[in-house]
Structure formats: C-alpha cells, structure tokens
Amino acid sequence: MKLMICIAHQRYGTKMIKHLSEKGYRVTKLASSGGFLKEGKDTLLIGVSNQDIKQLKSEMRSAVDALDKEKGWQHKEENRYTSFVVDGQNSIAIPR
C-alpha cells in the first residue's frame, strides 16, 4: 500500500477530488496554508495499491486536462500539481 500526497493548485483541487472519487479512489483534502510553490494550493492524500499507482497518475492528469479544456485555460504543466508517493506499509503509528 502506498500513500500519494498531491499538492495541487487550488483551481484543480476540487475537480481532482471529484474525478478521482468517481473512479473509486478515496481522497482526503487537508486544510493547509503556507508558501509551498508560492500560490494557493490544496493538499490531497490518496491511498493506492502498488499496482494502481500508474493508473492513479493517469487519472490525475486526465482530471486537470479536462478542467483546462473545459475552461479554455492555457497551462504550464509544472504549475498544476506536484505529487509524491510514500510507502504506507512501513509507516509508524503513534499511539495516543
């Protein structure tokens, strides 16, 4: 099991959540603030099995491409989202 951490430009966050949820992914949006990548961002947490990582990445790209097309936006690919995959199996749970 892996955890995808996706930091998306705010204008893509809602569309990504809706699209990924419709495809059966469970997505959690974190309320966050700060200066990472210098603009308004949404932080998404997505649990994904090892074999589905490639498909998840494809679905994320489809979501932002669809919104760009719908809105007629010209985009710079590097400004839409950044994602990281971390191993969820070896995570340490801290008891309360």
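Couple of notes before you dig in:
- Label-to-label distance, GLN10 versus THR43, with points set 7 angstrom from Cα along the beta-carbon direction: 1.6 nm.
- Long-range HN-HN contacts of LYS41 with modeled amide H, under 5 Å: GLN10
- The HN-Hα couplings worked out from phi for region 63-71 by the Karplus form 6.51 cos²θ - 1.76 cosθ + 1.60 (θ = phi - 60°) are 4, 6, 4, 4, 5, 4, 5, 4, 8 Hz, whole numbers, x standing for Gly and Pro.
- With a cut-off of 9 Å between beta carbons, the residues surrounding ILE17 carry a summed charge of +2, where Lys and Arg count +1 and Asp and Glu -1.
Throughout, read-outs are computed from the coordinates displayed, never taken from laboratory work. Computed from a prediction, not measured in an experiment: that's the story for all the values here. Because the Cβ atoms are built from the backbone with ideal geometry, glycine has one as well, and the counts that use them run over all protein chains shown.
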